[in-house]
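Worksheet: the structure to be examined is printed underneath.
The values are calculated or read from the model by the stated rules, or taken from the named source; none is laboratory data. This one's a predicted model, so the numbers in the text were calculated from it and none came from an experiment. Methodologically, a virtual Cβ is constructed for each residue, glycine included, from the backbone with ideal geometry; neighbour enumeration extends over all protein chains shown.
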Amino acid sequence: KPHIHLQVQISLFGEDDRLIVARDVTRIHQLELMRRDFVGNVSHEMRTPLTVIRGYLETLLEHSGELPKKWQRPLQAMMTQSNRMEALITDLILLSRIETGNATPDHSPINVPVLMEQICADARALSGDAQHQIRFTASTDHGVIGDESQLRSAFSNLVFNAVKYTPPGGVITVEWCESIEGAWLSVCDSGVGIDPVHIPRLTERFYRADPSRHKDTGGTGLGLAIVKHALLNHDATLAIHSQPGEGSEFICQFPEERLTSPQQ
Ligand code: ADP
């Protein structure tokens, strides 16, 4: 059965006058679905040829000693760019899966403290010689009911961003706490910070606060879009607080209905 999507706006005037405006947004909705499908399919189709290209490049690089010296730099550059494209395709596929309704999230109990310990260990490996201090504290044993792979992607993006946008030796604090409305996860860094004018648009695909910086960080520009949609699928919200030069804080707020009892 075809669905009709209506956008309804109700305005109240005085005691009992109301203005109701209903807009038929069915076509916009259909186009949005087509866009998601198209992006998902194209990304899938691009993965196979890219795998072949990377395979040949790896073989060439393994034998680079036998090749003329002037080929080494171009080969390395081709490998770097292929890796960037691979990361982009992976994120595009992930985002289109998370965005589409048919990727109904799993409903399993997730042990958030265990998950966060794993992500922080990966982040320490990513930091490497930059030696960020990455601390995790959990003041509640509650878990979340949902899709572990989606939340792992969301939380990893937040913690890895904190590493990427914090100079060496900086401090990254991750906290999992209970609140009156549910529980929240906060990822706080002492990094470069963000100008508040950019904050409302950060979760848009490919939006970057400082485009000149993204080449160094190797990001895809899709991380926070993935975070936003993964959280939406868990009825959770994202709040961002930041000032340039004063670090940033990203807070994921989960409603009580989404929490497991502490011992699970
Ligand atoms: P990217 O791949 O560029 O990191 P994201 O979607 O993850 O893409 O983030 C979007 C933009 O938000 C980044 O380009 C950066 O400008 C800004 N940003 C994200 N996290 C942080 C952070 N912890 N500190 C400062 N800026 C950040």
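Within the range 137-165, being near the ligand (Cβ under 9 Å from one of its atoms) and among the hydroxyl-bearing types (Ser, Thr, Tyr) holds for one residue alone: 165. Looking across the range 107-116, the residues that are part of a helix (DSSP H, G or I) and over 18 Å from the mean Cα position of the chain (by Cα) come down to 113, 114. Residues that are aromatic (Phe, Trp, Tyr), in contact with a helix residue (DSSP H, G or I) (Cβ under 9 Å, 6 or more places away or on another chain), closer than 21 Å to residue 221 by Cβ and touching a residue at least 12 places away in the same chain (Cβ under 8 Å) do not occur anywhere in the range 128-148. Any chance you could count how many residues in the range 238-250 are surrounded by fewer than 21 Cβ atoms within 10 Å (Cβ to Cβ) and more than 13 Å from the chain's Cα centre (by Cα)? Of the residues in the range 238-250, 8 are surrounded by fewer than 21 Cβ atoms within 10 Å (Cβ to Cβ) and more than 13 Å from the chain's Cα centre (by Cα). Count of the range 9-51 residues, restricted to those that are surrounded by 12 or more Cβ atoms within 10 Å (Cβ to Cβ) and not in a helix (DSSP H, G or I), is 1. Under the condition of being without any contact (Cβ under 8 Å) to a residue 24 or more places away in the chain and within 19 Å of residue 252 (Cβ to Cβ), the residues counted in the range 172-197 number 1. Does the range 109-122 include one or more residues that are farther than 19 Å from residue 234 by Cα and out of contact with any Phe, Trp or Tyr (no Cβ under 9 Å at 6 or more places or on another chain)? So far as the range 109-122 goes, yes, one or more of its residues are farther than 19 Å from residue 234 by Cα and out of contact with any Phe, Trp or Tyr (no Cβ under 9 Å at 6 or more places or on another chain). Taking the conditions exactly as written (among the acidic types (Asp, Glu), more than 26 Å from the chain's Cα centre (by Cα) and at negative phi), does residue 58 satisfy them or not? Yes: the conditions hold for residue 58. Going by the conditions given, is residue 179 of a type in the set (S, T, N, Q) and crowded, with 16+ Cβ neighbours inside 10 Å? Spelling it out, it is not the case that residue 179 is of a type in the set (S, T, N, Q) and crowded, with 16+ Cβ neighbours inside 10 Å. Condition (residue is at pLDDT below 95, under 21 Å from residue 85 (Cα atoms) and of a type in the set (S, T, N, Q)) applied to the range 224-239: is it met by at least one residue? Among the residues of the range 224-239, not one is at pLDDT below 95, under 21 Å from residue 85 (Cα atoms) and of a type in the set (S, T, N, Q), which makes the answer no. Considering the range 128-153, the residues that are assigned to a helix (DSSP H, G or I) and touching a strand residue (DSSP E or B) at 6+ places or on another chain (Cβ under 7 Å) include one that is surrounded by the most Cβ atoms within 10 Å (Cβ to Cβ), namely 151.
Do we have any residue at all in the range 94-107 that's in contact with a strand residue (DSSP E or B) (Cβ under 6 Å, 6 or more places away or on another chain) and surrounded by 16 or more Cβ atoms within 10 Å (Cβ to Cβ)? So far as the range 94-107 goes, yes, one or more of its residues are in contact with a strand residue (DSSP E or B) (Cβ under 6 Å, 6 or more places away or on another chain) and surrounded by 16 or more Cβ atoms within 10 Å (Cβ to Cβ).
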